[in-house]
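Enquirer: Take a look at this one; I'll ask things after.
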Amino acid sequence: MKIAITGASGKTGFRITEEALKKGIKVNQIVRKNSKVTENLKNTKTYRLSIDNKYELDKALEDVDALIIATGARASLDLTGPARVDALGVYRQLQSCKRVGLKRVILVSSLCTGKLFHPLNLFGLILIWKKIGENFLKNQIFDWTIIRPGGLKEIEKIESENIEYTKEDTQFKGSIPRRLVAKCCIDSLTNKQSINKIIEVTSSSDNKKVSFKKALQSI
Ligand SMILES: NC(=O)c1ccc[n+]([C@@H]2O[C@H](COP(=O)([O-])OP(=O)(O)OC[C@H]3O[C@@H](n4cnc5c(N)ncnc54)[C@H](OP(=O)(O)O)[C@@H]3O)[C@@H](O)[C@H]2O)c1
C-alpha cells in the first residue's frame, strides 16, 4: 500500500508518517515549499507544493491508495487561516482526489466541530470551518473516515493511555497524545469498518483498553 499524507510536517502529520512506515506502508509526504520535515523522515519521498496548485497536487496523489489529511491552520494573528486551510484547503485536496480517482480519504478533524459557542472559535471560527471541511468529505464519492481528536498532547509516553472511541457528537472535552491519533489514522486505513464513520477519540489511563476493531462495532 502507498499513501499520501498532507500536513506531513505537522506534529500529528510526521507521526502519521512514522506509524505508516512502521507498518510497511509507503508514504508520499506532502508539505509546503518552506515546511520543515523531521530529520528522520528526510529520506521519505516528499513533495513540496502548495495545495492551491492543482497540477502539482494531482501529481503527488496520482499513484496512491489513500490520502490522510493532517493539514490544519497554524495558530496565528491571521484569522482567515481556518477558512483557508480547514475548509477551502480540504476542498482543494478533495477536488484533486476526484481528478485522480482517489477514493479513500482520512481526515484529522476535531472534537466539537460545528459548535459556535466555544472558546476555540476565537481563532477564526475554526470549529465552524472544520465542520465545513468535514462536510466536503462526507459524500458517496469517497470512502471516508473522520478522526475527531480532543486536545492534542505532545507526550510520547502512551503505554498507560487507553483510547475512548465514540461516534460523532458524543465527546466534548478531553485530550489525547498526537502519537495515538496517528495510530488511529493507520488503524482506520487497515480496517474497512471505519469507512463512512466519524470517530471521536480522547485518551486517559482511567479508560478500559479496547481494540480499534472492537470499538468500531459500536460506532
Ligand atoms: N491543537 C489541538 O489541540 C487540536 C485538537 C484537535 C484537533 N486538532 C487538529 O488536528 C490537526 C493536526 O494538528 P497539529 O497540532 O498536529 O498540527 P500542526 O503541528 O499545527 O501542523 C499543521 C500542518 O498543516 C500544515 N499547513 C498549515 N497551513 C497550511 C497551508 N496553508 N497549506 C498547506 N499546509 C498547511 C502545516 O504546514 P507547515 O509545517 O508548513 O506550517 C503543518 O504541516 C489539525 O487539523 C488541527 O486543527 C488540533
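Enquirer: When region 15-42 is examined, which residues are found to be part of a helix (DSSP H, G or I), open to solvent by 10 Å² or more (accessible area, probe 1.4 Å) and touching a Gly at 6+ places or on another chain (Cβ under 9 Å)?
Expert: If the condition is that a residue be part of a helix (DSSP H, G or I), open to solvent by 10 Å² or more (accessible area, probe 1.4 Å) and touching a Gly at 6+ places or on another chain (Cβ under 9 Å), then no residue fits.
Enquirer: Here is a further query. With the condition kept exactly as written, say whether any residue in region 103-124 is more than 12 Å from the ligand (Cβ to nearest atom), β-branched (Val, Ile, Thr), part of a helix (DSSP H, G or I) and at negative phi.
Expert: no
Enquirer: With the checklist (1) more than 22 Å from LYS197 (Cα to Cα); (2) crowded, with 23+ Cβ neighbours inside 10 Å; (3) away from the ligand (no atom under 12 Å from the Cβ) in hand, flag the one item ALA66 doesn't pass.
Expert: Going through the list (1) more than 22 Å from LYS197 (Cα to Cα); (2) crowded, with 23+ Cβ neighbours inside 10 Å; (3) away from the ligand (no atom under 12 Å from the Cβ), ALA66 breaks only (1).
Enquirer: Name the residues in region 43-81 that are among the polar types (S, T, N, Q) and part of a loop (DSSP other than H, G, I, E, B), would you? It would help to see each step written out before you state the result.
Expert: Keep residues of region 43-81 that are among the polar types (S, T, N, Q), which gives 43-44, 46, 50, 53, 71, 76, 80.
Across region 43-81, the qualifying residues are ASN43, THR44, SER50, ASN53, THR71, SER76, THR80.
Enquirer: State whether one or more residues within region 162-176 are of a type in the set (S, T, N, Q), closer than 21 Å to ILE3 by Cβ and either out of contact with any Leu (no Cβ under 7 Å at 6 or more places or on another chain) or assigned to a helix (DSSP H, G or I) (or both). Can you show your working first?
Expert: Taking region 162-176 first, the residues of a type in the set (S, T, N, Q) are 162, 166, 170-171, 175.
Next, from what is left, pick out any that are closer than 21 Å to ILE3 by Cβ: none.
No, region 162-176 has no match at all.
Enquirer: Among the residues of region 76-109, count how many are surrounded by fewer than 22 Cβ atoms within 10 Å (Cβ to Cβ), among the hydroxyl-bearing types (Ser, Thr, Tyr) and touching a residue at least 12 places away in the same chain (Cβ under 8 Å).
Expert: Count: 2.
Enquirer: Within region 22-44, track down each residue that is among the hydroxyl-bearing types (Ser, Thr, Tyr) and near the ligand (Cβ under 8 Å from one of its atoms). Before the answer, list the steps.
Expert: Our first condition is that a residue be among the hydroxyl-bearing types (Ser, Thr, Tyr); within region 22-44, this holds for 35, 38, 44.
If the condition is that a residue be among the hydroxyl-bearing types (Ser, Thr, Tyr) and near the ligand (Cβ under 8 Å from one of its atoms), then SER35 is the only one that fits.
Enquirer: Out of the residues in region 129-157 that are part of a loop (DSSP other than H, G, I, E, B) and surrounded by 17 or more Cβ atoms within 10 Å (Cβ to Cβ), state the one that is nearest to the chain's Cα centre (by Cα).
Expert: Taking region 129-157 as the starting set, the residues that turn out to be part of a loop (DSSP other than H, G, I, E, B) are 138-142, 150, 154-157.
The next check asks that each one be surrounded by 17 or more Cβ atoms within 10 Å (Cβ to Cβ); those that pass are 142, 150.
On the way: PHE142: 15, GLY150: 13 Å.
Filtering first and then ranking leaves GLY150.
Enquirer: I've got another one for you. Could you please let me know if SER76 is more than 22 Å from ILE16 (Cα to Cα) and small (Gly, Ala, Ser)?
Expert: Values: more than 22 Å from ILE16 (Cα to Cα): yes; small (Gly, Ala, Ser): yes.
So SER76 passes the test.
Enquirer: Mind listing whichever residues of region 18-53 are in contact (Cβ under 8 Å) with a residue 24 or more places away in the chain, among the polar types (S, T, N, Q) and farther than 24 Å from GLY81 by Cα?
Expert: ASN28, THR44
Enquirer: Can you tell me how many residues within region 48-63 are surrounded by fewer than 21 Cβ atoms within 10 Å (Cβ to Cβ) and touching a Cys at 6+ places or on another chain (Cβ under 8 Å)? Can you show your working first?
Expert: Here is the first cut: in region 48-63, the residues surrounded by fewer than 21 Cβ atoms within 10 Å (Cβ to Cβ) are 48-50, 52-56, 58-59, 62-63.
Narrowing the set further to residues that are touching a Cys at 6+ places or on another chain (Cβ under 8 Å) leaves none.
So the answer is 0.
Enquirer: Considering only region 2-21, state which residues are of a type in the set (S, T, N, Q) and more than 7 Å from the ligand (Cβ to nearest atom). If you could, list the steps in order and put the result at the bottom.
Expert: Of region 2-21, the ones of a type in the set (S, T, N, Q) are 6, 9, 12, 17.
THR17, the sole residue that qualifies.
Enquirer: Given the criteria crowded, with 18+ Cβ neighbours inside 10 Å and away from the ligand (no atom under 14 Å from the Cβ), does ALA73 qualify? Before you say what the answer is, go through the steps one by one.
Expert: Working: crowded, with 18+ Cβ neighbours inside 10 Å: yes; away from the ligand (no atom under 14 Å from the Cβ): no.
Criteria not met by ALA73.
Enquirer: Now a separate question. Residues being away from the ligand (no atom under 16 Å from the Cβ) and surrounded by 21 or more Cβ atoms within 10 Å (Cβ to Cβ): count how many of those fall in region 174-213. Let's see the steps before the verdict.
Expert: First pass over region 174-213, keeping only residues away from the ligand (no atom under 16 Å from the Cβ): 187, 189-197, 205-213.
Okay, now just the ones that are also surrounded by 21 or more Cβ atoms within 10 Å (Cβ to Cβ), so 187, 189, 194.
Residues meeting the conditions: 3.
The values are calculated or read from the model by the stated rules, or taken from the named source; none is laboratory data. Here the structure is a predicted model, which means the values were calculated and not measured. Cβ atoms come from the backbone with ideal geometry, glycine included; neighbour counts cover every protein chain shown. Areas reflect the complete protein model, heavy atoms only, side chains present, ligands, DNA and RNA absent. Shrake-Rupley method; radii C 1.70, N 1.55, O 1.52, S 1.80 Å.
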